[in-house]
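Values quoted throughout were computed directly from the atomic coordinates according to the rules given, and no laboratory measurement underlies them. Fair warning: this is a prediction, and the values are worked out from it, not measured in the lab. Note that we place each Cβ from the backbone using ideal geometry, even for glycine, and neighbour counts take in every protein chain shown.
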Amino acid sequence: MTPDDRLAALHARIASAARPARRDPADVTLIAVSKTHPADAIRPLLLAGQRDFGENRVQEAQEKWPALREEFADFRLHLVGQLQSNKAADAVALADAIHSVDRSSLIAALARAMDATGRRPDCFVQVNIGAEEQKGGCAIADVPALLAEARSAALPIVGLMCVPPAGIEPAPYFALLAKIARDHGIAGLSMGMSEDVEQAVSLGATHVRVGSALFGHRQGTPA
Ligand SMILES: *Cc1c(COP(=O)(O)O)cnc(C)c1O
């Protein structure tokens, strides 16, 4: 499949899940997660019209994206991976959206960087929706406090984000994240990856983060 075919297939999957849920497919942003893939693999998707991309490491994003910015002006870069507070300034300088806001210290570091630069990337609060030991994201019980902190620090919180536990049915976790967002009046839902785009869209995802279904499988990292 060409990159254009893969993009078309993803848009068809999103549309086929949106219709029965009475949703407009245009309300779902497809983020092409290009981590581990070089600029040469990214360029064909840009040429095919894809405009939202995701990376999970700040350093890798810094290595790849400034050059692409000079070729293509109008795309958005999303940081979707766990973020260390000492990378917050770099993240704010580079990204148009940050999907992994999950603790007070990071909120404080992001707020400092935003105040210093005047750049205010969209922020998603990441929730550890399956309460997994090793996963990023805040505990469900901490969501209200973190949202309050983010608001008082003037972080533009546009949504919640989750990565459900691997290997089991994700729908209950997507539904739970959607309920938490609803309870707090938050519109954005960053959820759904290559394997579970349909479930996520039918449960309200506004942003799906798709890597391997667009770029092929990554080498050396578990998919
Ligand atoms: C890698 C990654 C994705 C994309 O995963 P695929 O299964 O390749 O679609 C989505 N979200 C996050 C946070 C990731 O790190």
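Summary of values
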item	result
In the stretch 133-223, trypsin sites (Lys or Arg not before Pro) in a DSSP loop with at most 16 other beta-carbon atoms within 10 Å	Arg218
Summed side-chain charge close to Ile107 - residues other than Ile107 whose Cβ falls under 12 Å, Lys, Arg +1, Asp, Glu -1	0
Mean separation of Cα contacts under 8 Å (6+ apart) over length of the chain, as relative contact order %	21
Mean separation of Cα contacts under 8 Å (6+ apart) over length of the stretch 133-206, as relative contact order %	27
Positive-end residue of Val158, Gln62, Pro170, charge dipole of the stretch 3-215 with Cβ unit charges	Val158
Segment Ala41-Asp115, extension gain: residue separation times 0.36 nm, minus the distance between their alpha carbons	23.2 nm
Förster radius 30 Å - calculated FRET efficiency between Arg51 and Ala21 (Cβ-Cβ, nearest 0.05)	0.80
Using θ = phi - 60° and Karplus 6.51 cos²θ - 1.76 cosθ + 1.60, couplings along the stretch 151-164 (whole Hz; Gly, Pro as x)	5, 6, 8, 6, 6, x, 7, 10, x, 10, 9, 8, 10, x
Burial ranking of peptide ranges 156-167, 38-49 (average Cβ count within 10 Å, highest at the top)	156-167, 38-49
Under 18 Å from the Cα of Lys35 - aspartates and glutamates, other chains or at least 8 residues apart	Asp52, Glu55, Glu60, Glu63, Asp90, Asp96, Glu195
Estimated 222 nm signal from helices in the chain, with DSSP H stretches of n ≥ 4 weighted -39500 (n - 2.57), rounded to 500	-12500 deg cm²/dmol
Integer Hz, Karplus 6.51/-1.76/1.60 couplings in order for the stretch 176-183, x for Gly and Pro	5, 4, 4, 5, 4, 4, 4, 4
Mean-position separation - Cα centroids, the stretch 69-110 and the stretch 116-139, in angstrom	11
Cα pair distances of the stretch 3-215 binned at 5 Å [whole percent]	1, 7, 16, 20, 20, 17, 12, 6, 1, 0
Net +/- balance of residues flanking Leu214 in space, Cβ distance below 14 Å, scoring K and R +1, D and E -1	+2
When each of Lys64/Lys87; Lys64/Lys179; Lys87/Lys135 is checked by Cα-Cα distance, pairs over 25 Å	Lys64/Lys179
Virtual spin-label span in nm between Met1 and Ala108, 7 Å along Cα→Cβ	4.6
